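Rule-based calculations on the coordinates, nothing more; no lab input. Bear in mind that the values here come from a model prediction, so they are computed numbers and not experimental data. Glycine gets a Cβ as well: all are built from the backbone with ideal geometry, and neighbour counts include every protein chain shown.
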Amino acid sequence: MDHPHDKPTVRVPRKLSAVPTVQASEVLAFLRQHPGFLAEHPELLQILTPPSRERGNGVVDMQHFMLQRLQAELARLKNQQRALVSTSRANLASQARVHQAVLALLAAPSFEHLIQIVTTDLAVLLDADVVMLAVESSSCGRVALPVHGIQLLERGAVAELFGADRSVLLEPEAHGDPKLFGSGAGLVRSAALLRLSVSPCAPPGLLAIGARKTGKFHPGQGTELLGFLARSLEVVIAGWLDLPTT
């Protein structure tokens, strides 16, 4: 039991000690005890300054030169690795988006709902801003469309855009064409155009995907996933219209 005249004990916090300074001799001793340390941590070679030896006028220290080359090569390989990882992640994300888009097309309960999915839902699923379906007119004049949301093109417009061999056009810098993107043309600063050949009995068409961001679609970008999306849409449209496929 505490005595009534005892003074209360006051705990005084100890002063935080400064971070201890590592001496050069300690680093040397550690490296001597662990000779494989740099082999286990090669990233240190990128930041360490290699020693330079004096060999006299006109004499080149090849060991110093080779170590610098190894450091530069290590930095280049690490940058390539980062770029590869970033590209792989982007490709996986794009693949997941296209797969979700195709599943949405297959789940359409009617042809009208299919067109609605194309012109509304695909923009969200593909991380784009505008997606439109365009089809050439089957007659010389402009005719009323059976389904709202389809852009009508003049005959020969698809062949003029794509030529004979191409099925995908990527435009890094684009000004949206109202003939393709309708009222959403003003939003488009980059575009991907996918040729649609639904059936020998149907007029040519295309799927126009537009984005606000310049450079979202660019030459050199892989087009296999976009081609798969176009082929899937062709099959679904042909099924709803009971048309033979190509």
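Would you mind computing, in nm to one decimal, how far apart the modelled labels at residue 187 and residue 127 are, each placed 7 Å from Cα along Cα→Cβ?
Once both label points are built, they end up 1.7 nm from each other.
Describe numerically, in nm with one decimal, the distance between label points set 7 Å from Cα along Cα→Cβ at residue 23 and at residue 77.
Taking the simple label geometry, residue 23 and residue 77 are separated by 3.7 nm.
For segment 158-190 and segment 196-246, write down the distance between their C-alpha centroids in whole Å.
Measuring centre to centre over Cα atoms gives 13 Å.
So for segment 85-241, averaging the separation of alpha carbon pairs under 8 Å that are six or more residues apart and normalising by length, what relative contact order in percent results? Please list the in-between numbers first.
Values: 279 pairs, mean separation 37.1, N = 157.
In percent, rounded to a whole number, it is 24.
Using the Cα centre as the reference, give the magnitude of the dipole from point charges on the C-beta atoms of segment 85-241 (Lys, Arg: +1; Asp, Glu: -1; all else neutral), rounded to the nearest 20 debye. Numbers along the way, then the final one.
Details: 12 positive and 13 negative charges, 45 e Å.
Roughly 220 debye for segment 85-241.
Would you order 234, 160, 224 from fewest to most other beta-carbon atoms within 10 Å of each residue's own beta-carbon? Don't skip to the end; give the middle numbers.
Values: 234 22, 160 9, 224 12.
Ordered from fewest to most neighbouring Cβ atoms within 10 Å, 234, 160, 224 come out as 160, 224, 234.
Report, by chain and number, residues whose modeled amide H sits under 5 Å from the one on residue 129, excluding near sequence neighbours (fewer than 5 apart, same chain).
For residue 129, the qualifying residues are 210, 211, 212.
Have a look at 156, 176, 215 and report the one farthest towards the positive end of the charge dipole of segment 85-241, computed about the Cα centre with Cβ charges (Lys/Arg +1, Asp/Glu -1).
215
Put a dot 7 Å past each Cα toward the Cβ at residue 221 and residue 33; how far apart are the dots in nm?
Result for the modelled spin labels: 5.6 nm.
Taking 0.36 nm per residue of separation and subtracting the Cα-Cα distance, what length does fully extending residue 43 through residue 66 add? Before the final figure, lay out each step's value.
Numbers: separation 23, 0.36 × 23 = 8.28 nm, distance 1.64 nm.
Fully extending the segment from residue 43 to residue 66 adds 6.6 nm.
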